[in-house]
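Engineer: So that we are looking at the same thing, I have put the structure below in structure tokens.
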Amino acid sequence: MAVAVAGVAEEARKILEELGVPASQYERGSLPVHSPISGEQIASCGVAGAAGTRSAIERAQQAFLEWRKVPAPRRGELVRLLGEELRTHKDALGRLVTIEAGKILSEGLGEVQEMIDICTFAAGLSRQLCGLTIATERPMHRMMETWHPLGVVGIISAFNFPVAVWSWNAALALVCGNACVWKPSEKTPLTALATQSLFERAAKRFGGLPDGLSSVVIGAREEGEALVDHPLVPLVSATGSSAMGKQVGPRVAARFGRSLLELGGNNAAIVCPSADLELALRGIAFAAMGTAGQRCTTLRRLIVHEDIAEKLLDRLKNVYASVPIGDPREPGTLVGPLIDARAFEAMQKSLAEASEQGGEVIGGERVRIDSLPDGFYVRPALVEMPAQTETVRRETFAPILYVLRYRDFEDAIRLHNAVPQGLASSIFTNDLREAEKFLSAEGSDCGIANVNIGPSGAEIGGAFGGEKETGGGRESGSDSWKAYMRRATNTINYGSDLPLAQGVRFDIG
């Protein structure tokens, strides 16, 4: 049985109360918040405006001046405490993610687990922020590199991962000695307010934290522009569409700031003749339909060898026809709603274009749920295309999987790379040569390349991000911490002579 429509707003309020968010932050503001589950308004948040955003940045700058003096392992303790708060309140925050973003509950909980994991990673990293000792040509000299905090890090996140993206950035930025100002999507401000409340609990346990070290500014374009343009924000990490990134990048660069951009993805999987089709089927299903196709790493193009195409597609069509669609809070649901009507309209437009271009469309229709009549639920679409058209090359943020066939492996790689985006990719094969070629410089041109798993489901230990119109940014694991710091090269002379490098002589006596 589906949960009654009237329960969505009530449940959201109860969770916000449980997580300590003051009612004044979500009851009488000018920004309406709707749940994609039912389409109903569940809150009204106050907005910061440009002035409020600038004030938050100025407070963050003052906090940074104090926080940078704190030893990195001690900074890691704050992030560890945040991880504890997230662990304690995982169920509540995960359910709020589901209510506000429309993800199925296991994905909402998984997103909070991702936050917990990055806090663990960052707390350990706080004792490993180290530079190199570099060989020098000058006797009795030592050369090394040191890493220092940048300052205020601006974080702009998207609706589809309303809290995890913040944590990828904030956990690393904080242990590196920075302050953070977060502008969440105007579609998902409640989860941001809840996360900030948990951060404040951790800060209280930590004790002696400078005011403004981490803050949230609610709003839309005005607040985002104020964050992007402010000279006290040396790094802006922005997650969203490629169109958004094309505006953010030049504006930050114009003031010589840095951008960390995580933008569009048009991810593909190549299925080779030797592939384990049962494994491929499971990988394709989650990657293409999970989060209702609203992941940057969603599988959007399936490039399958013509010898196995019919066998795979017959099974895939059965999965698409039977996948459970409905209230994401209900056990058994695998596909929840699109975020809003605009997303549904974009999906229908792309499907119509694909059909005009010779595509055979299966699915894609709206699914009406009697108890949730204003939610935009859709049957995921499978579209067999005669060629990789401009519609296929464009990312549509919805559950559409375009199917293309290939004969020659080199052609499969060319099809794979012939899109503007370069985020995630995968290949299903048991041929070692094909796998290694795909991972080589001649293979996938994406930031993420997988073998025998789908393109989505990245772990926090690896750097996350992509190339081309995906923006080139890297967040989360590996050595991504370096993006949040500035590097200095230091040379120390412990002798009594002053030899110059490259044999230069400058004798004055």
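The values are calculated or read from the model by the stated rules, or taken from the named source; none is laboratory data. Worth saying up front: this structure is predicted, and the values here are computed from it rather than measured. So basically every Cβ, Gly included, is an ideal-geometry build from the backbone, and we count neighbours across all protein chains shown. Keep in mind that these areas ignore ligands, DNA and RNA; they rest on the heavy atoms of the full protein, side chains included. Shrake-Rupley method; radii C 1.70, N 1.55, O 1.52, S 1.80 Å.
Engineer: Across region 225-239, which residue is farthest from P420 (Cα to Cα) among those that are in contact with a helix residue (DSSP H, G or I) (Cβ under 8 Å, 6 or more places away or on another chain) and open to solvent by 10 Å² or more (accessible area, probe 1.4 Å)? Full working, then the answer.
Structural biologist: First, the residues of region 225-239 that are in contact with a helix residue (DSSP H, G or I) (Cβ under 8 Å, 6 or more places away or on another chain): 225-230, 232-233, 235-239.
If we keep only those that are open to solvent by 10 Å² or more (accessible area, probe 1.4 Å) as well, we get 225-226, 229-230, 232, 239.
Details: E225: 26, A226: 29, D229: 27, H230: 30, L232: 32, T239: 17 Å.
Among them, the one singled out is L232.
Engineer: What single numbered condition from (1) exposed (fewer than 15 other Cβ atoms within 10 Å of the Cβ); (2) on the phi > 0 side of the Ramachandran plot; (3) under 25 Å from the mean Cα position of the chain (by Cα) fails to hold for D479?
Structural biologist: (2)
Engineer: Looking at A50, A43, A92, which one is assigned to a helix (DSSP H, G or I), more than 23 Å from the chain's Cα centre (by Cα) and aliphatic (A, V, I, L, M)?
Structural biologist: Working: A43 fails: assigned to a helix (DSSP H, G or I); A92 fails: more than 23 Å from the chain's Cα centre (by Cα).
After ruling out the rest, the residue left standing is A50.
Engineer: So, one more: Within region 30-67, how many residues turn out to be in contact with a Cys (Cβ under 9 Å, 6 or more places away or on another chain), farther than 12 Å from L190 by Cα and touching a residue at least 40 places away in the same chain (Cβ under 8 Å)?
Structural biologist: Just the residues of region 30-67 that are in contact with a Cys (Cβ under 9 Å, 6 or more places away or on another chain), to begin with: 30-33, 60.
Filter again for farther than 12 Å from L190 by Cα, leaving 30, 60.
Narrowing further to those that are touching a residue at least 40 places away in the same chain (Cβ under 8 Å): 60.
Counting residues in region 30-67 that are in contact with a Cys (Cβ under 9 Å, 6 or more places away or on another chain), farther than 12 Å from L190 by Cα and touching a residue at least 40 places away in the same chain (Cβ under 8 Å) gives 1.
Engineer: Check whether at least one residue in region 386-395 is under 30 Å from C119 (Cα atoms) and hydrophobic (A, V, I, L, M, F, W, C), and report yes or no. Before the answer, list the steps.
Structural biologist: Just the residues of region 386-395 that are under 30 Å from C119 (Cα atoms), to begin with: none.
Within region 386-395 (the criterion being under 30 Å from C119 (Cα atoms) and hydrophobic (A, V, I, L, M, F, W, C)), the answer is no, since none of the residues qualifies.
Engineer: Any idea which residue in region 429-458 is surrounded by the fewest Cβ atoms within 10 Å (Cβ to Cβ), counting only those that are free of Cβ contacts under 8 Å to residues at least 60 places away in the same chain and farther than 17 Å from A275 by Cβ? Quick ask: steps written out before the conclusion?
Structural biologist: Step one: filter region 429-458 for residues free of Cβ contacts under 8 Å to residues at least 60 places away in the same chain, giving 432-433, 435-437, 439-445, 447, 449-451.
From the residues that got through so far, the ones that are farther than 17 Å from A275 by Cβ too are 440-442, 445, 447.
Working: S440: 10, A441: 7, E442: 11, D445: 18, G447: 24.
So, considering only residues that are free of Cβ contacts under 8 Å to residues at least 60 places away in the same chain and farther than 17 Å from A275 by Cβ, the one surrounded by the fewest Cβ atoms within 10 Å (Cβ to Cβ) is A441.
Engineer: Here is a follow-up. Would you confirm whether any residue within region 162-179 is closer than 15 Å to G477 by Cα, open to solvent by 10 Å² or more (accessible area, probe 1.4 Å) and in a loop (DSSP other than H, G, I, E, B)? First the steps, then the outcome.
Structural biologist: Just the residues of region 162-179 that are closer than 15 Å to G477 by Cα, to begin with: 164-176.
Subsequent filtering for residues that are open to solvent by 10 Å² or more (accessible area, probe 1.4 Å) retains 168.
Retained after the next criterion (residues that are in a loop (DSSP other than H, G, I, E, B)): none.
Checked against the condition, which is being closer than 15 Å to G477 by Cα, open to solvent by 10 Å² or more (accessible area, probe 1.4 Å) and in a loop (DSSP other than H, G, I, E, B), region 162-179 yields no hits at all.
Engineer: With (1) open to solvent by 10 Å² or more (accessible area, probe 1.4 Å); (2) among the acidic types (D, E); (3) in contact with a Gly (Cβ under 9 Å, 6 or more places away or on another chain) as the list, and E111 as the residue in question, which single condition is left unmet?
Structural biologist: (1)
Engineer: Please name all residue pairs, on different chains or six or more residues apart, with Cβ atoms under 8 Å, provided the first residue is in region 313-342 and is on the phi < 0 side of the Ramachandran plot and among the basic types (K, R) and the second residue is surrounded by fewer than 22 Cβ atoms within 10 Å (Cβ to Cβ) and part of a loop (DSSP other than H, G, I, E, B).
Structural biologist: Between residues of region 313-342 that are on the phi < 0 side of the Ramachandran plot and among the basic types (K, R) and residues that are surrounded by fewer than 22 Cβ atoms within 10 Å (Cβ to Cβ) and part of a loop (DSSP other than H, G, I, E, B), the close pairs are R329/V3.
Engineer: Would you check if there is a residue in region 68-91 being surrounded by fewer than 21 Cβ atoms within 10 Å (Cβ to Cβ), modelled with pLDDT of 95 or more, within 15 Å of V175 (Cβ to Cβ) and touching a strand residue (DSSP E or B) at 6+ places or on another chain (Cβ under 7 Å)?
Structural biologist: There is at least one residue in region 68-91 that is surrounded by fewer than 21 Cβ atoms within 10 Å (Cβ to Cβ), modelled with pLDDT of 95 or more, within 15 Å of V175 (Cβ to Cβ) and touching a strand residue (DSSP E or B) at 6+ places or on another chain (Cβ under 7 Å).
Engineer: A follow-up question, please. Can you find even one residue in region 411-428 that is over 30 Å from D117 (Cβ atoms), in contact with an Asp or Glu (Cβ under 6 Å, 6 or more places away or on another chain) and surrounded by fewer than 24 Cβ atoms within 10 Å (Cβ to Cβ)?
Structural biologist: yes
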